[in-house]
1. Rg/Rh for segment 126-203: what does it come to with C-alpha atoms and Rh from Kirkwood?
2. How much of the calculated P(r) for segment 92-146 lies past 13 Å, in percent of all Cα pairs?
3. Over segment 54-200, what per residue volume does the convex hull of the Cα atoms give, in whole Å³?
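Values in this text are rule-based calculations from the coordinates and carry no lab data. No experiment lies behind these values; they were computed from the predicted model shown.
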Amino acid sequence: MSKETGPDEDRNGSIDPPAPSTLVVWGLATIFLLIVIGLTAPFSVFLAESSLATISAAHGTLATLGVIVGTISGYLVWRLFVGKIKAFTDLKVLSLISAIIAGLTVIIGNMIYIAYRAPGGPRAFFVQNNPAVHEIFFEFKEFIALFPFPIAVATTYIIWAYKEQLTQDRGLRSWLGIAIAIAWGALMIAYLLGAAITKLRSV
């Protein structure tokens, strides 16, 4: 007689950690990231001299956290897709964190975008000296950067609403995997282009 797995066990009988443990781990990881940033770059250099330096630093930090959390969430969704996960604690928590980070990143990014388009700002510089940088690097980057947030909200809702039912519905699992793959791809493109545009001409 085969042993039935509980709601927090996968097919191999392993048990996922409870939600509080997951939150503690990610809290410590975030603190570690901030410590590394503080030790490897003096705070004055990290913020630079711009009036939007603090906002820009927050935007970059959130984007970096988004890439880390999004990558791990994508791995967990892959495990779900291939049927190797039945416990959803980590996936539920990380999907919610991803949606929050994506939303905050977009909000702060729009604040920076206002300064980017201001007279005498980076946009005027690029349009005059290298229009391709403006059209490809920034305009494309800003529009594609909007995709992860609504996708993160939709996938978070699906994960929290359907929970263990996802293991039985291959179509829903497939949609979830494709959606998160698209969101992760858009996130990486926006992240890399954002880093490049900052090196060329910051606000």
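1. Rg/Rh: 1.19.
2. 65 percent
3. 93 Å³
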